[in-house]
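Q: There's a structure below that I have some questions on.
The values are calculated or read from the model by the stated rules, or taken from the named source; none is laboratory data. Quantities reported herein were computed from a predicted structural model and do not represent experimental measurements. Neighbour counts are summed over all protein chains in view; Cβ atoms, including those assigned to glycine, are modelled from backbone coordinates with ideal geometry. All accessible areas refer to the heavy atoms of the entire protein, side chains included, with ligands and DNA or RNA removed. Shrake-Rupley method; radii C 1.70, N 1.55, O 1.52, S 1.80 Å.
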Amino acid sequence: ICQVLEIAKARRRRREVLRYLDRTESEFVIPSKPALITPLVGYLQDNLERSAFGGEATRTQVGMALMEALSNAIVHGNLEVDSRLRREDPERFDALVEERQDQEPYASRSVYCRERGSSKGFEYVIRDEGSGFDPEELPDPTSPENLFASSGRGIMLIRTFMDHVEFNDVGNQITMRKKPAE
């Protein structure tokens, strides 16, 4: 019983000291395996919670933006699987994603994810080793012909949930920032 009470006391102290956390930084280099997206996003959301950044809704929104950005980096960037294939043949899309994870040159590509957090906000930079894309050439996800499409809404979600979104000139890196609620 004493040990359980000591553990509970230590947790309370840890929560108290986290109020004084000034800055965090994490960097990941992950292989192009979609199965790693969910655990990585979970870790990054936990960092938001540990830092007492935003409420549950904010952490969920940031998590969704991260899921989209990491999925884009792995599937469309490194594995070079076109999102149009998802619309035309979803089974072939999934099979190609699975196939390319173990096929060169795709299998040796990595995704780089950096998180920087402070009381002023959190920044996420996600970069893949693919050839990139031009975000201006994406179809408008709000146009009637695209409203019910099974793909093409990821960047719109990212822009909706994050306060700042920018791409590098090549289009293989996204920087997303979330500020604290005022």
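Q: Condition check: open to solvent by less than 70 Å² (accessible area, probe 1.4 Å), outside any strand (DSSP E or B) and not charged (D, E, K, R). Does G130 satisfy that?
A: yes
Q: Taking the stretch 14-46, which residues are modelled with pLDDT of 80 or more, in a helix (DSSP H, G or I) and out of contact with any Asp or Glu (no Cβ under 6 Å at 6 or more places or on another chain)?
A: If the condition is that a residue be modelled with pLDDT of 80 or more, in a helix (DSSP H, G or I) and out of contact with any Asp or Glu (no Cβ under 6 Å at 6 or more places or on another chain), then P34, A35, L36, I37, T38, P39, L40, V41, G42, Y43, Q45, D46 are the ones that fit.
Q: In this structure, is V41 closer than 25 Å to E137 by Cα and in contact with a helix residue (DSSP H, G or I) (Cβ under 6 Å, 6 or more places away or on another chain)? Step through it out loud before you land on a result.
A: On the way: closer than 25 Å to E137 by Cα: no; in contact with a helix residue (DSSP H, G or I) (Cβ under 6 Å, 6 or more places away or on another chain): yes.
No: the conditions fail for V41.
Q: Search the stretch 98-127 for residues being surrounded by 15 or more Cβ atoms within 10 Å (Cβ to Cβ) and in a loop (DSSP other than H, G, I, E, B), and hand back the single one that is nearest to the chain's Cα centre (by Cα).
A: Filtering the stretch 98-127 for residues that are surrounded by 15 or more Cβ atoms within 10 Å (Cβ to Cβ) and in a loop (DSSP other than H, G, I, E, B), the one nearest to the chain's Cα centre (by Cα) comes out as R109.
Q: For A69, state whether it is touching a helix residue (DSSP H, G or I) at 6+ places or on another chain (Cβ under 9 Å) and either surrounded by 15 or more Cβ atoms within 10 Å (Cβ to Cβ) or part of a helix (DSSP H, G or I) (or both).
A: Yes, satisfied.
Q: Which number in (1) of a type outside the set (A, V, I, L, M, F, W, C); (2) closer than 29 Å to E182 by Cβ; (3) in a helix (DSSP H, G or I) marks the one condition that K9 misses?
A: (2)
Q: Among what's in the stretch 82-97 and is within 20 Å of the chain's Cα centre (by Cα) and modelled with pLDDT of 95 or more, pick the residue that is surrounded by the most Cβ atoms within 10 Å (Cβ to Cβ).
A: Ranking the candidates gives V97 first.
Q: When you scan the stretch 42-65, do you find a residue that is open to solvent by 10 Å² or more (accessible area, probe 1.4 Å), within 24 Å of D169 (Cβ to Cβ) and either within 16 Å of the chain's Cα centre (by Cα) or small (G, A, S) (or both), even just one?
A: Looking through the stretch 42-65, none of the residues is open to solvent by 10 Å² or more (accessible area, probe 1.4 Å), within 24 Å of D169 (Cβ to Cβ) and either within 16 Å of the chain's Cα centre (by Cα) or small (G, A, S) (or both).
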